[in-house]
Amino acid sequence: MKTRDELINELIDLAFAEDIGDGDATTLCCIPAEAHGKQRLIIKEEGVLAGVEIARRVFERFDPELTMEVFINDGARVKPGDVAFVVSGKVRSLLQTERLMLNIMQRMSGVATTTARYQQCLEGLKTRVLDTRKTTPGMRLLEKEAVAIGGGCNHRIGLFDMILLKDNHVDFAGGIVPAIEAAHRWCEENNKPLKIEIEVRNFDELQQVLDHGGVDRVMLDNFTPADTRRAVALIAGRVETESSGGITLDTLRQYGECGVDYISVGALTHSVKSLDMSFKAC
């Protein structure tokens, strides 16, 4: 399996191929090859900064001679007018890396800002907000990193690092117990000690899980806050609990106050507004 660094490098290479193609005609036609200069990243909106270290990777991969002076690090609260960093080097390199760097940083900072807003809504509670697999294709590692920078928790990275028996898996496997038993057999046969989570849709399924055991976490899917509180009391700390399904910023704290360990929110990554910033000559 490819490493995180390998996947990020491939993403950067693909993005450059997509954007630059066989050459940046605008830059090549009007900027001399020997011209040097500086550009600074200017914040234009309040939020949480994320993607500084990935930006460094973008610059270094395109032109190792570009130098970056960082003033604000990932995870910091920023406001309009803040300068996050200054990059120096060949003007052609600055102009050709500008859009990819901004696309990544604006997206990651938007995810981090949204995550921080959700987690702040749970202040004083044990509940943590979780991301999902509802991510931009190819950018999952970066978006999940941004969730962590914003104070949230990462759920599984993909389909390979945790078993999550959702409703369709349960139905196709023949029910709650057959699904759990099949998961354990597969882990043993393949020597993969993965954590097992199962989604339940009602109290009958929950009771089957509690009677059988064999899971690390139960996902309470589309339960009301009242039913969530009841379910948490039934589980009584035997396994981790997660609430999921249509939970918004307006209803988040109600679920947290029910005592669940986690609340998964697809909106952290699937419908985020990018944080406004610009990369200007200085």
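The values are calculated or read from the model by the stated rules, or taken from the named source; none is laboratory data. Treat the numbers as computed from the prediction; the structure is a model and nothing was measured. Side chains are part of the model used for accessible areas, which takes the heavy atoms of the whole protein and leaves out ligands, DNA and RNA. Shrake-Rupley method; radii C 1.70, N 1.55, O 1.52, S 1.80 Å.
From the phi angles alone, apply the Karplus equation (6.51, -1.76, 1.60; θ = phi - 60°) to the range 73-78 and give each ³J(HN,Hα) in whole Hz, x where the residue is Gly or Pro.
With coefficients 6.51, -1.76 and 1.60, one gets 9, 3, x, 7, 6, 10 Hz.
For Lys90, which aspartates and glutamates qualify as cross-link partners when the Cα separation must be under 16 Å and same-chain residues fewer than eight apart are set aside?
Answer for Lys90, where 16 Å is the Cα cut-off: Asp24, Glu34, Glu60, Asp63, Glu65, Glu69, Glu98, listed by chain and number.
Report, to the nearest whole %, how much of the accessible area of the range 50-100 belongs to carbon and sulfur atoms, 1.4 Å probe, protein only.
Working: 1110 of 2350 Å².
The nonpolar share, carbon plus sulfur, comes to 47 percent.
Using only helices, what value at 222 nm comes out for the chain when you add -39,500 (n - 2.57) per DSSP H run of length 4 or more and divide by the total residues, to the nearest 500 deg cm²/dmol? Don't skip to the answer; put the middle values down first.
Numbers: 11 runs with 126 residues, N = 282.
It comes out at -13500 deg cm²/dmol, rounded to the nearest 500.
For the range 116-248, compute the orientation-averaged projected area of the C-alpha convex hull (one quarter of its surface), in nm². Could you put the intermediate results ahead of the total?
Details: hull surface 35.8 nm².
Spelled out: convex hull of the Cα atoms, projected over all directions, averaged, 8.9 nm².
For the chain, what is the accessible area per residue in Å² when the probe is 1.4 Å?
Working: 13860 Å² over 282 residues.
I get 49 Å² per residue for this part.
Two-decimal Rg/Rh of the range 163-207 from alpha-carbon positions, Kirkwood Rh?
Numbers: Rg = 10.6 Å, Rh = 10.8 Å.
Computed over Cα atoms, the ratio is 0.98.
Counting only protein heavy atoms, what percent of the accessible surface of the range 119-250 is carbon or sulfur at a 1.4 Å probe? Show your work: numbers first, answer last.
On the way: 3420 of 6680 Å².
Exposed carbon and sulfur together represent 51 percent of the surface.
Which log10 I(q)/I(0) values, to two decimals, does the range 1-154 give at q = 0.12, 0.17, 0.19 Å⁻¹ under the Debye formula with one point per Cα?
-0.55, -1.01, -1.19
Rounded to the nearest 10 degrees, what's the angle between the helix 140-149 long axis and the longest principal axis of the chain, both from Cα atoms, 0 to 90?
80 degrees
Roughly how many Å is it from the Cα centre of the range 253-281 to that of the range 113-186, as a whole number?
So the separation of the two Cα centres works out to 14 Å.
What fraction, in whole percent, of alpha-carbon pairs in the range 209-282 exceed 18 Å separation? Show your work: numbers first, answer last.
Values: 1282 of 2701 pairs.
Of the Cα pairs, 47 percent sit more than 18 Å apart.
Full-extension gain between Ser88 and Glu257, please, as 0.36 nm times their residue separation minus the C-alpha to C-alpha distance.
Details: separation 169, 0.36 × 169 = 60.84 nm, distance 4.95 nm.
So the extension gain works out to 55.9 nm.
Based on DSSP, what percent of beta bridges with both residues in the chain are antiparallel, to the nearest 5? List each step's numbers first, then the result.
Numbers: 18 of 36 bridges.
Roughly 50 percent of the beta bridges in the chain run antiparallel, per DSSP.
Could you work out Rg/(2.2 N^0.38 Å) for the range 113-177, with Rg from alpha carbons only?
Dividing the Cα radius of gyration by 2.2 N^0.38 Å gives 1.35.
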